[in-house]
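Asker: Questions regarding the structure given below will be posed in turn.
What follows draws every value from the coordinates through simple rules; no lab data is involved. Computed from a predicted structure; not experimentally measured. Cβ sites come from the backbone with ideal geometry, for glycine too, and all protein chains shown count toward neighbours.
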Amino acid sequence: MSASTILVAALACAVGVIFVLALYGVVALLAPKNPYPLKDAVYECGHEPVGDPRVPFRVQYYGVALVFLIFDIETAFLYPWGLVARSLGWVGYIEMAAFVIVLLVGLLYAWRKGVLKWA
Amino acid sequence: MRADVLDALARHAATLDESGFDPRADVSVDAWAGLHADLAALGLEFSDITALDRIDAVELVCWLLSSPSEQLSVRTSCLNDRLLAPTLSDVYPPAEFGEREVYDLFGVVFEGHPDMSRILQPDDATTFPLRKSFELAETPW
Amino acid sequence: MSAALWLRTIVGLVALLALLAGVTLFGVWWERKFIGHLQRRRGPLHHGWHGLLQLPADMIKMIAKEDTVPTAADSLLFQFGPVAAIVPAYAALAALTFAPGIALIDMQHGLLYVFAWETMLPLAFALIGWSCANKFTLIGGLRAAAQLISYEIPMLLAALGVVLTAQSMNLTTIINAQTGWWYVFKQPLGFVIFSVAMLAEMNRSPFDLPEAESELVAGYMTEYSGMKFGFVQLAEYSVLLVGSYLIAALFLGGWNMPFLPASWLWLALKIVLLMTSTMWFRGTFPRLRVDTLTQMSWKWLLPAALVNIMLVAALALWLGPKVY
Amino acid sequence: MGIVDRAEEAGFITTTLDKLLRWGRSRSMWPVNAGIACCSLEMMTTGAGRYDFDRFGIMFRSSPRQADVLIVPGPITKKMQPIVQRVYNQMAEPRWVIAMGSCAISGGAFADSYNVLPGCDTFLPVDVYIPGCPPRPEALIYGCLKLKEQIANTSFIGSAARNKALYVPPDLGEEWPDELLRQFGVLPADDSSEGGSRDVGEVRDEG
Amino acid sequence: MVNFPRSEATGGTETLLLNVGPQHPSTHGVLHFMLEMAGETVVTAKPVIGYLHRGIEKLAENRTWQQVIVLTDRQDYVAQFSNEWAYCRAVERLAGIELPERAEWLRTLMGELNRITSHLIWYAGVTMDIGTLGTPFIYAWETRERIFDFFEAVTGARMMPNWMRIGGVRTDIDPALLADLRTFLERDFPKECDTYEALLTGNEIVVSRMKGVGVYTAEECVHLGITGPFLRASGLARDLRRDAPYGAYAKLDFEVCTDPVGDSLARCRVRLRELRESARMCIQLIDGMPEGDIAVKVPKALKPPAGDCYVRTESPRGELGVFVASDGTTRPYRYRVRSPIFYGLSAMPRLLPGHLLADMLVIFGGIDTSMGEIDR
């Protein structure tokens, strides 16, 4: 990734942000603005919201995030091997197969423990 | 009428009158819950609970089904100064909404009801519209 | 950075912006017409030829619509939400090669760059959902986060099969490697897993849980009025464009067409066909439930993706590069 | 701060922009998916295959934030009035109201009922009235086209000031309770701190 | 502020109080559910109704016996003919009026056609709840339009016919219309029922959403006061058209559709089979329609004898009971409607807890609510 490509990529993000901010500017220019308490209340099917919406997460989100982390790291290890798999030949394949099987056992363990169950 | 239903009515001193379209049993207010507990035990199903405004009293009418095609009405009347009746919601679960509606539109309070509040009218309403004393605006046509 | 490169980048970025706006406008119109005719009705008709003028009208109305900010909402994140939704998809466009020579950045790891931006999406939707302090958006945002996280791993692993056979992550070499048999015939399992996972990434039916019309009113965009809703629609269609491009490039042979000279027209045709099929799915499929959704990814797609990689690797080594 | 809304006199820029806004806003009217009673079935029939609303660019949105038009299909009871008023107030500007069916216009078949308000224009500024019980889908489409004409023909220049007066039904302006005027933003919300932010503050500790 | 039920049985995790309120795409009208949710599972559900309470029962006391029929149309605005029929039967039984044969057959025909349109609206609602963007919704609406054209040709109005009178019906149906309806019901309707079945019970995602969701036994349903297709889907063949036949039902052969399983999918199957069953009945009705006049002479200022009576009719949603009391004057003394889904809704706080938000809508869609009848 030469320096110019990084610069162009950064420029791409910058243009994305500028595009959104420009449209925000046009909206601020054209759109009417008339805030008053009842309009700025949070929408809840015509009722006043009761209780604080920001309730702590359920526990299974945390479980799924952990399992995602494990398999994301696994993908991070598999990709470099994928690039050179042909040249490494069968030796590389056997090692990677062992790695993947260990992770499949890990998945089976998570499955049995019920981390993947969503209810 | 089935025999076991008849003696259940007799046990609660309910006067049975079969002359009208459907058999009708009148019972006093305090025997209301006991009678319904026995009738439910005999397998009668709950169809509807409603009320009639008899000017000086409110007549509670509860329709029960002795079989899919026969129906029996059990009635009692609460005088205007004591609009109180025991609840049937523990014996017949659907009666919970029916009784809340009778309270909302007639003003009869049911003791022991899990959530005795208005069901149809806004919660801050004060009137009991289905009483004859409540006058509607005259029909505009 | 030489002046020519500066000029090329600026022109490229503006062209990509025009492409994005064009795809969104065309996409919204085509979706309403296509789903309309799917449902035995006509869709936009009276404004312009077959409703073509309907889109500028929607855009003008959305731009000139008031931008309400609920007092209970976290106003900075609330305003930043659309930016977080649009920038990933737009920046990912920069690395896509649309024709044999034409690409803004033809980097060695184009695919990795696109996937890096793709993993930003769950963050954006969860952020939008959390910032609006509305219960429907909170549930919608958390659902989006859970769904996109669950379907990211099968997508990456399915793409690994393609990378493994093409031996590079550069999109041009991947497409050029498919001049003969397309990868969809060599790795059918990989194609199925990748398209299902990409459908989930794009939040298109039957995986459109985050903006579940019937349960969560309008999902994570319930509190978004006027142009913010336009931005979220722009983000949705840009993710749709990137997703369709990836399926077309990785598995359907990009700009190669059997017995015909390679040109960008075939790539455009494939992208339009893929987008239309997502609209077709949207018109027919009902919505999955949250738990079946996550179960399906973790218990079916992930093991299948691992098996697919081992299978493809074994075939590649056994049959050698010429045949496979 | 829309330049078209705040402008006092019609300069060159404001008139062209105004013409553009009028064209855009009239061609794309998104109603809120608020079904109340029997007229909501006729509204759905108009959205379905035979009388298709989508031909005129009218697409139902379920959240009021993204909607322009509030179609009131059915009688407004005392319990429903705060809900409809809150949904109307949560719609983004510029917004319009269609009273669909004789119940929404004058209480209709239930005019003498103790629980039905005599029409939704007692608390909403209505733009188009569609009589009928329920009005046929063609009548609803005709009403929407009438609204389209009204939007296309009324200028938006200086409408910000005018809108404020429009919020409150002109003839009932005096007897309106202050609290409601404050909600509409006619009375400044800040001077009565207990009134304006009452509902937000009160909710906080009650939850 | 309405009191909000907050239960402690949530195992300590913080719960979200959600108003699935009157203005919501899938509450089929102005029903408001106060949900207490732990994450996505419903802990307690409290239905709040009354947003469409127009006080029809009080208004009826302000009208003559004949004028009340206008109010009955607007009661359950999805199945108007069954409301009218229930009211007319109650008053005719109270006043002791016998109907001519043809009037009974005409009423039965319109009642069954109304069952078809009501089930089609239920079908459109259920498919919208589980997420199809409205394709089955619009197909069902197209079939309903065909039947509404027939209603309009006979009664003059699409939705609010006001067609039945105490002692008969208002207009006769000429044979050409009947023949046209017969060809539609015999040739096109079964094909469209096949598409509806394919789009709903034949679709794997729908089966995965509905199979095994909300399984209730017949005893539970009877105990909780649920009647109609919801009860028949739990295996109990309870149908007033066969148990206490009225109109022309005694002369028709039809089968009460039940389903032993009792889950949400069974409720869909029962209603889809009832669509076909009603079409078959209509064909028999058209073939066997007797000749004769369509109404019996009833004095305009009808004064039924003092007294009261309660008549139960099978509406598309369940057992619709009308309790009518008269004190001998020209105006009803009391008019009470026993709505099947009013008591079906009272069962919801017991049926819904423990399900996901998506399942809650599927189960709640099973009782096919129409708010006009619940709030009256």
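Asker: Between region B:23-44 and region C:150-186, how far is it from one alpha carbon centroid to the other, in angstrom?
Answerer: After rounding, the separation between the Cα centres reads 76 Å.
Asker: Hey, what's the Cα Rg ratio for region C:1-138 versus the globular rule of thumb, 2.2 N^0.38 Å? Don't jump to the answer; show the numbers that get you there.
Answerer: Values: Rg = 19.0 Å, N = 138, 2.2 N^0.38 = 14.3 Å.
Dividing the Cα Rg of region C:1-138 by 2.2 N^0.38 Å gives 1.33.
Asker: Continuing with the same structure: Dividing the alpha-carbon radius of gyration of region C:3-323 by 2.2 N^0.38 Å (N being the number of residues), what value is obtained?
Answerer: 1.02
Asker: Under 25 °C and 0.890 mPa s, how fast does region C:56-116 diffuse according to Stokes-Einstein, given a Kirkwood radius computed over C-alpha pairs? Answer in µm²/s, whole number.
Answerer: Answer, rounded: 167 µm²/s.
Asker: Let me ask something else. How big is region B:1-132 by the Kirkwood estimate over distinct Cα pairs, in Å? Let's see the in-between values first.
Answerer: On the way: mean 1/r = 0.0662 Å⁻¹.
15.1 Å is the Kirkwood radius here.
Asker: Let me ask another. Measuring from the lowest to the highest alpha carbon on each principal axis, how far does region E:46-194 reach, largest first, in angstroms?
Answerer: Taking the Cα atoms of region E:46-194, the three principal extents are 49, 47, 22 Å.
Asker: In deg cm²/dmol and to the nearest 500, what is the mean residue ellipticity at 222 nm of chain E if only DSSP H runs of at least 4 residues count, each as -39500 (n - 2.57), divided by the residue total?
Answerer: -13500 deg cm²/dmol
Asker: Using only C-alpha atoms and all pairs of different ones, pull out the Kirkwood radius for region E:255-297 in Å with one decimal.
Answerer: 12.7 Å
Asker: Whole percent per 10 Å bin, from 0 to the bin with the longest distance: what is P(r) over all C-alpha pairs of region D:29-153?
Answerer: Per 10 Å bin, starting at zero, the Cα-Cα P(r) for region D:29-153 comes out as 14, 49, 32, 5, 0 percent.
Asker: Based on the Kirkwood radius over alpha-carbon pairs, what is the Stokes-Einstein translational diffusion coefficient of region A:1-40 at 37 °C with 0.692 mPa s viscosity, in µm²/s?
Answerer: This corresponds to a translational diffusion coefficient of 257 µm²/s.
Asker: Report the FRET efficiency, 1/(1 + (r/R0)^6), for E:Phe254 and B:Phe134, where r is their Cβ-Cβ distance and R0 is 51 Å, rounded to 0.05.
Answerer: 0.70
Asker: Now a separate question. Work out, in µm²/s and without decimals, the Stokes-Einstein translational diffusion coefficient of region E:53-113 at 37 °C, 0.692 mPa s, Rh from Kirkwood over C-alpha pairs.
Answerer: Numbers: Rh = 12.4 Å.
My calculation gives 264 µm²/s for D.
Asker: Can you tell me what share of the DSSP beta bridges in chain B is antiparallel? A percent to the nearest 5 is fine.
Answerer: 80 percent
Asker: For the protein assembly as shown, what ratio Rg/Rh do Cα atoms give with a Kirkwood hydrodynamic radius?
Answerer: My calculation of the ratio gives 1.00.
Asker: Need one number for region A:3-113: average projected area of the convex hull over its C-alpha atoms, nm².
Answerer: 14.6 nm²
Asker: Pairs E:Lys191/E:Lys211; A:Lys33/C:Lys228; A:Lys39/D:Lys19; A:Lys39/C:Lys33; D:Lys19/D:Lys146: which are spaced more than 22 Å apart, C-alpha to C-alpha?
Answerer: E:Lys191/E:Lys211; A:Lys39/D:Lys19; A:Lys39/C:Lys33
Asker: When the gyration tensor of region C:189-324 is built from Cα positions, what are the square roots of 5 times its three eigenvalues, in whole Å, from largest to smallest?
Answerer: So the equivalent ellipsoid measures 32, 22, 11 Å along its semi-axes.
Asker: Still on this structure, please answer the following. Where the only charges are on Cβ atoms (+1 Lys, Arg; -1 Asp, Glu), what is the dipole of region D:29-153 about its Cα centre, to the nearest 20 debye?
Answerer: That gives region D:29-153 a dipole magnitude of about 260 debye.
Asker: Once every DSSP H run of n ≥ 4 in chain C is given -39500 (n - 2.57) and the sum is divided by its residues, what mean residue ellipticity at 222 nm do you get, rounded to the nearest 500 deg cm²/dmol?
Answerer: It comes out at -22500 deg cm²/dmol, rounded to the nearest 500.
Asker: Sticking with this one: I'd like the FRET efficiency for A:Asp40 and A:Ala10, computed as 1/(1 + (r/R0)^6) with the beta carbon distance as r and R0 of 41 Å, rounded to 0.05. List each step's numbers first, then the result.
Answerer: On the way: r = 36 Å, r/R0 = 0.89.
The pair A:Asp40/A:Ala10 has a calculated efficiency of 0.70.
Asker: Provide Rg over Rh for chain E; use the alpha carbon set for both Rg and the Kirkwood Rh (inverse mean inverse pair distance).
Answerer: 0.98
Asker: Sticking with this structure for a sec: For the protein assembly as shown, what proportion of DSSP beta bridges, expressed in % and rounded to the nearest 5, is antiparallel?
Answerer: 75 percent
Asker: A follow-up question, please. I need the phi-derived Karplus couplings for region C:245-259: 6.51 cos²θ - 1.76 cosθ + 1.60, θ = phi - 60°, integer Hz, Gly and Pro marked x.
Answerer: 4, 4, 4, 5, 6, 6, 10, 9, x, x, 8, 8, 10, x, 6
Asker: Could you tell me the ratio Rg/Rh of region E:117-263? Both radii from Cα atoms, Rh via Kirkwood.
Answerer: Numbers: Rg = 18.0 Å, Rh = 18.0 Å.
Answer for region E:117-263: 1.00.
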